[in-house]
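Data block below; observations after.
The values are calculated or read from the model by the stated rules, or taken from the named source; none is laboratory data. Remember, it's a predicted structure, so these values are computed and weren't measured experimentally. Note that each Cβ is placed from the backbone with ideal geometry, even for glycine, and that neighbours are counted across all protein chains shown. Calculation scope for accessible area: heavy atoms of the full protein, side chains included, ligands and nucleic acids excluded. Shrake-Rupley method; radii C 1.70, N 1.55, O 1.52, S 1.80 Å.
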Amino acid sequence: MRRLGVLTVAATLALGLAACGSSGGSSSDTTAASESSTCGDLNVAPVTGFKPVKADTFTVVTSLPGPGFWVGSSTDPNAIRAGYEYCMAKGLQEAFGLKNLTVRNESFDAIVAGTVTDFDLALAQSSITDDRKKVVDFTDPYFESQQGVLVKGDSDVKISTLDEAKKVQWGVQTGTTAIDMLTNLIKPDKQPQVYQNLADAYAALDAGQVDAVLIDTAINLGQAAASNGKEKVISQFAQPDGPDSYGGILPKGSANVALVNTGLKELKDGGILAALGKSQLTADPGNIPTITLG
């Protein structure tokens, strides 16, 4: 692992990460997000011309839990008041001059498959891939991440080499690039346990049903921090072709892609994304040992 940070859209905490796809959720609760948050003073330059699906409202979907990226609840968007992507959404809402922010929780599979409708932007730690581009439109990249290894806090499991990684029982979320890494690069001896929701994978880890959970390093570090020592990140994997990049998702053919990219550039150029990386994310992945795959 190199360092935690924000990509071309804000490169102050330089990353060398290479992640999977996102956290997961399956409910579709909706909330008008409160104005009280811990995002600080965003001061985003205005971007004109954005046309929301609902008048004077910025409708954002995500897939909970998203430790570090959506903070306040692992299931309820009504309780979200902080987090890297939440604050990004607040900044874009301000840039577009919209009065309200609505956050909705959706299945990660549905988001990347392009079957979610009636939203302006999805921020769900979604890695940009060619297959996903066939059914959704991506923004410019705004973050990078390796894939981290989460184990129980009292676990004596060691995963510091590829050989050790092959021997453990993995838990992973469906629809993520972590599955591709396990299948194509790690090739474990035991079939990974695949879960629809990331929260279920974490629950399986706590119950001793899996030895380790593979998901983006930044997400697993957020989960470990929230667990108060119940879980820990012990290593991470670097792919030979470099880190995955996160992009926001818009419905295929959206007329707002260029305007969202302009808003993201304002967040970057104003130093806002770099500041959010420091204030909202829980730990520096640069301190986590890296296993290079290739």
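Remarks
- Rolling a 1.4 angstrom probe over the protein heavy atoms with all chains in place gives the chain an accessible area of 39 Å² per residue.
- Between amide H atoms placed 1.01 Å from N, distances below 5 Å from Ser245 occur with Ile128, all of them 5 or more places distant or on a separate chain.
- HN-Hα J in Hz across segment 190-206 - Karplus 6.51, -1.76, 1.60, θ = phi - 60°, x for Gly and Pro: 9, 4, x, 7, 9, 10, 5, 10, 4, 4, 5, 5, 5, 5, 5, 5, 4
- DSSP beta bridges fully contained in the chain are about 60 percent antiparallel.
- Calculated translational diffusion coefficient of segment 110-261 (25 °C, 0.890 mPa s; Stokes-Einstein with Kirkwood radius over alpha-carbon pairs) equals 151 µm²/s.
- The chain: relative contact order in percent, alpha carbon pairs under 8 Å with at least 6 residues between: 31
- Segment 154-196 shape via C-alpha gyration tensor axes, a/c threshold 1.5: oblate
- Look at where the Cα atoms of segment 121-179 and of segment 267-294 average out, and the two centres are 16 Å apart.
- The string of couplings for segment 277-286 from the Karplus curve (6.51, -1.76, 1.60, θ = phi - 60°) is x, 7, 8, 9, 8, 8, 7, 8, x, x Hz, one whole number per residue in order, with x for Gly and Pro.
- The angle between the Cα long axis of helix 217-226 and the main principal axis of the chain comes to about 90°, on a 0 to 90 degree scale.
- For the listed peptides 177-186, 47-56, a ranking on the average number of other beta carbons within 10 Å per residue, highest first, reads 177-186, 47-56.
- Under-5 Å amide H pairs with Phe58, H placed in peptide plane, nonlocal only: Asn100, Leu101, Thr102
- Percent accessible area from carbon and sulfur atoms, segment 236-294, protein chains only, probe 1.4 Å: 51
- From the Kirkwood radius over Cα pairs of segment 57-170, Stokes-Einstein at 25 °C and 0.890 mPa s returns a whole-number translational diffusion coefficient of 152 µm²/s.
- Volume of the Cα convex hull of segment 207-256, divided per residue and given in Å³: 155
- Under Stokes-Einstein, with the Kirkwood radius over Cα pairs as Rh, the value for segment 197-288 at 10 °C and 1.306 mPa s is 99 µm²/s.
- Largest first, the three principal axis extents of the alpha carbons in the chain are 53, 37, 34 Å in whole numbers.
- Normalised alpha carbon radius of gyration of segment 107-193 [divisor 2.2 N^0.38 Å]: 1.31
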